[in-house]
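Worksheet for the structure shown next.
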């Protein structure tokens, strides 16, 4: 019994750490961001007259709610980094909730 209780705490801790929190932010593979969300980010860069040839997403998170929230960082070819917070709705529309660039 003395050994069983510490083992249960270890098992519960492992399960807790590996579970995703419903409605919470979760890290995702950058390749899983939908093309329509990436297009919205590039369109925003164009509308702000930010020049770039290539973009690379360097980190990303998502939150599933009544659609998806995506927070991600894009590195431009001039090494400038831009952060986006974009809502992607079930009807395939996007809304940029936050946007800012460093440098």
Task: Viscosity 0.890 mPa s, 25 °C: Kirkwood-radius Stokes-Einstein D of the range 23-101 over Cα pairs, µm²/s - done: 194 µm²/s
TODO: Can you put 68, 25, 92 in order of Cβ neighbours within 10 angstrom, beginning with the fewest?
DONE: 92, 25, 68
Task: Fewest-first ranking of 75, 97, using other Cβ atoms within 10 Å as the exposure measure - done: 97, 75
- [ ] Among 101, 82, rank each residue by its count of other Cβ atoms within 10 Å, from fewest to most, as a rough exposure measure.
- [x] 101, 82
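Every number in this text was worked out from the coordinates using simple rules, so none of it is lab data. Small disclaimer: the values here were computed from a predicted structure and weren't measured. Cβ: placed from backbone, ideal geometry, glycine included. Neighbour counts: every protein chain shown.
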